[in-house]
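Participant: The structure under discussion is supplied below as structure tokens; questions concerning it will follow.
The values are calculated or read from the model by the stated rules, or taken from the named source; none is laboratory data. Model, not experiment: these values are computed from the prediction. Using ideal geometry, Cβ is built from the backbone for each residue, glycine included, and neighbour counts are taken over all protein chains shown.
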Amino acid sequence: MKQQLSHHLHHPIKGFEEQSEQRTKMQKTVNENQEQYNAKMKQARKSKTSFKVGDIVAIKIDKVDKTSPLHPNVLIGKVLQVENNYTKVVTRHGIISTSISKHACKKIHAKAGDKPIKCVYR
């Protein structure tokens, strides 16, 4: 033990260089992991659904916005306008005044025999 301790006392720079090298390796690993994570998050954020005017969408209603637990969890509407990541939607009750994030919308595919959705334009 004394020999090891005296060895480091005679060569303090060597111990410092080893620590510096370990820090550099660790920082490189951290940077690589961060880059991989960022790439995964960027890929996950890309919306595979693109909306166009006339698409029928379901908009999830948050619990805080619901007036009764018996009311539906989604609002059905038709896309009027698409701009960047937001859509303007009209429902059978009228046009929603705020733009809706396309991440909050889910495209609904109509089936043969479904009744057309009547929307009110005000």
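Participant: Which one of V53, V74, V120, V30 is β-branched (V, I, T) and at pLDDT below 85?
Facilitator: Going through V53, V74, V120, V30 in turn, the sole match is V120.
Participant: List pairs: first residue in segment 92-106 and charged (D, E, K, R), second residue loosely packed, with under 15 Cβ neighbours inside 10 Å and assigned to a strand (DSSP E or B) anywhere in the structure, Cβ distance under 9 angstrom, at least six positions apart or on different chains.
Facilitator: Every condition considered, the pairs that remain are K106/K60; K106/V74.
Participant: Which one is farthest from the chain's Cα centre (by Cα) among residues in segment 56-71 that are of a type outside the set (V, I, T) and at pLDDT 85 or above?
Facilitator: Result: A58.
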